[in-house]
Structures are given as C-alpha cells and as structure tokens.
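Report on the structure given below.
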Amino acid sequence: MPLQTLATTLAGAERGGYAVGAFNVSDLNQAIAVLDAARAESSPVIVQAIAGTSAYGDESWWWHMLRTVVDSYPDVTATLHLDHGRTLEDCVRAMDHGFTSVMIDASRSTDDDEPNDFESNVAITKSVVDIAHSRGVSVEGELGTIGGAEAGMTGVVEEIVYADPSQAEEFVVLTGVDALAVAVGTSHGSVKFTDESGAQRLRISLIAEIKKRLPYTALVLHGSSSIPIHAVDAINEQGGSVTPSYGIDTAQKRAGIDHGTDSHLAWTGALRTELSERPSEVEPSSAIAAAMGGMTGIVRERMREFGSAGQTQPRP
C-alpha cells in the first residue's frame with residue numbers, strides 16, 4: 001500500500017485537531033522503534049531522515065532500505081520525509097528513493113551557513129516544489145532561523161530570528177509549499193535552553209497570526225523536542241557528557257509537528273545503561289533491543305501527548 005504524502009497526513013491532523021510527530025532516524029533499528037510505537041498507539045507518524053546522517057556508508061542503500069522498512073508496516077499511517085535537505089539535488093535523490101515528502105531548507109546558504117536572503121530562499125524552494133509536485137510529492141520550506149544546532153552542524157549554534165507573518169504569507173504564495181517551518185521560539189539540538197524560562201519561549205500569538213494568514217498551509221515546529229531529564233541522567237551516569245537543559249514545554253507544543261531529539265536521548269540512555277549493567281555481554285542484540293525499547297517508549301508517550309494516538313487512517 002502507498003505511503004501518504006505530508007500534505008495528506010497533516011490535512012488529517014488539521015481535521016482531527018491533533019499534531020503528528022516527525023521522528024528522525026539514522027539507522028533501520030531506529031526506524032523500527034518509531035514504527036513499532038506508531039503501531040502500538042494506532043498513531044499516524046512521519047519517519048524522517050537527514051541527508052548525510054546515518055550509520056551507513058552508502059546513503060543510496062540506506063534510503064532504499066528505509067523505504068522498504070516503512071512499507072513493511074502497511075497498518076501504520078506513515079509519511080517518509082527528508083528533513084533539512086540543503087540542495088535541490090538532496091531533494092531529488094530522496095524523491096528517487098521513494099520519499100513521499102521533502103524539506104528544502106534554503107533559509108541558510110549552503111556554503112557558509114549564514115542566513116539566506118528571502119529572494120534566494122524563494123527561488124530554491126520554488127525549484128524543488130515544481131519537481132516534487134509533478135511527482136506527487138509534498139514539500140516543506142523554512143522561513144526565519146530556528147536557532148540551536150542541527151544534526152551534522154557541530155559547533156554551529158544559531159540565534160533565533162523570528163518569522164515575519166506577512167513574509168510567511170508571501171513566501172507560500174510565491175513557492176507553493178505544502179508546509180512551512182517557522183521560527184517561533186523553538187531551538188534545534190539536544191542542548192536547547194539552559195534556563196527554565198526557555199521552555200516557555202514559544203510565541204503562541206505569532207503562530208496564531210501566521211496560521212490566520214495561511215489557513216490552508218501546515219505549520220511545522222522544528223526543534224520542539226522535550227529534554228527528558230531521566231535520559232540525560234542515564235547517559236551522564238554511564239560516562240556520557242550531555243549538558244542538562246530545558247526543552248519546549250509539552251503544553252506549549254501540543255500543536256507542533258516536528259519532534260526528534262528526545263527520542264535519541266532515550267535511545268542513547270537505554271543503550272548506555274544496558275552496556276554498563278551487563279559488562280560481560282558481547283552479543284549486540286541485547287543492547288540494541290534495550291535502545292529500541294527506550295526509543296519506542298518515549299515516542300509512544302509523545303504520540304499520546306500530541307493527541308495522535310488512536311488516529312490511524314489505513315492507507316488507501
């Protein structure tokens with residue numbers, strides 16, 4: 001059965017009044033952990049990968065196998081999404097491998113990671129939309145600077161540059177994107193805000209204003225993960241070095257979509273704990289199973305928080 005596009009998945013969420021979590025995966029076991037959670041909670045899910053970020057040397061093989069794994073869960077309402085594609089070529093490769101949705105992040109230049117000008121962002125995004133829509137693939141664009149550090153950008157920490165509602169409206173009209181990632185107070189990465197007030201920094205009124213101007217465009221929150229302190233503690237107790245910090249408050253992000261960092265913290269915490277508690281075990285399956293269980297557990301929790309649990313719509 002075919003996977004859903006992002007536009008179809010988010011239209012269902014709009015009608016049903018819930019949010020759909022988008023969970024980053026960097027290997028097949030993580031993909032299975034997320035899909036197991038979706039199956040257990042009867043929840044729609046967005047499984048997403050980032051170009052250049054995986055456990056495998058051959059990205060073409062990785063993307064092909066990821067699509068195969070998602071296809072093997074026909075009872076799960078799933079979208080396969082490219083997260084933060086930086087170039088037209090990234091997005092086309094993902095389409096060629098069966099991704100049903102792509103994000104083109106042209107909000108920053110590809111050479112020096114400085115914020116891109118509006119006109120360049122529009123031109124690059126529009127070029128992706130033209131190809132994607134001809135193939136029946138959804139497109140997400142980005143406007144503003146989300147802040148924090150994304151995967152694969154070690155040492156690059158950006159300040160938040162909030163999205164302008166009128167510019168967001170113009171961007172959608174000019175590009176035709178199906179979904180728009182907007183900078184409204186979230187932050188990328190596993191270390192977000194070092195003070196507790198950071199958890200309350202979502203500008204709800206700004207989200208409302210943008211949505212009022214774009215009633216038919218899905219809004220995406222990047223960097224909206226929580227920071228589960230028990231997972232951070234587990235990592236650090238077993239020799240890790242993750243700076244304790246505050247993520248976005250659950251009550252603030254219930255209308256959000258993108259969610260990924262906390263599931264990786266749960267994965268790593270469970271993995272480190274299993275390895276520490278069973279120091280003589282050399283069979284990898286026990287540690288991998290523990291990590292998968294940790295990730296599945298927190299993804300299930302987030303699906304219930306988002307209201308997507310029980311909302312599965314069987315694929316046509």
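Observations, loosely collected:
- Residue in segment 106-113 that is exposed (fewer than 15 other Cβ atoms within 10 Å of the Cβ), in contact (Cβ under 8 Å) with a residue 24 or more places away in the chain and more than 30 Å from Ala40 (Cβ to Cβ) present: yes
- Subset of segment 15-36 [part of a strand (DSSP E or B) and closer than 12 Å to His264 by Cα]: Phe23, Asn24
- Within segment 290-309, the set of residues being of a type in the set (Gly, Ala, Ser) and either open to solvent by 60 Å² or more (accessible area, probe 1.4 Å) or not in a helix (DSSP H, G or I) (or both) comprises Gly307, Ser308, Ala309.
- Any hit, segment 4-27, residues being within 18 Å of Ala291 (Cα to Cα) and among the charged types (D, E, K, R): yes
- Being closer than 16 Å to Ala132 by Cβ and in contact with a Phe, Trp or Tyr (Cβ under 6 Å, 6 or more places away or on another chain) holds for only one residue in Leu88, Leu6, Leu80, and it is Leu80.
- A single member of Val128, Val139, Val102 is outside any helix (DSSP H, G or I), in contact (Cβ under 8 Å) with a residue 40 or more places away in the chain and within 27 Å of Met65 (Cβ to Cβ), and it is Val139.
- Among the residues of segment 1-27, those identified as more than 15 Å from His81 (Cα to Cα), among the hydrophobic types (A, V, I, L, M, F, W, C) and open to solvent by 30 Å² or more (accessible area, probe 1.4 Å) are Met1, Ala11.
- Residues within segment 37-77 that are part of a strand (DSSP E or B) and crowded, with 24+ Cβ neighbours inside 10 Å, tallied: 5
- Test result for Tyr216, among the aromatic types (Phe, Trp, Tyr), surrounded by fewer than 24 Cβ atoms within 10 Å (Cβ to Cβ) and modelled with pLDDT under 85: no
The values are calculated or read from the model by the stated rules, or taken from the named source; none is laboratory data. Predicted model only: the values in this text are computed from it and were never measured. For neighbour counting, all protein chains shown are included, and Cβ atoms are generated from backbone atoms with ideal geometry for every residue, glycine included. Accessible surface areas use protein heavy atoms only, side chains included; no ligands, DNA or RNA. Shrake-Rupley method; radii C 1.70, N 1.55, O 1.52, S 1.80 Å.
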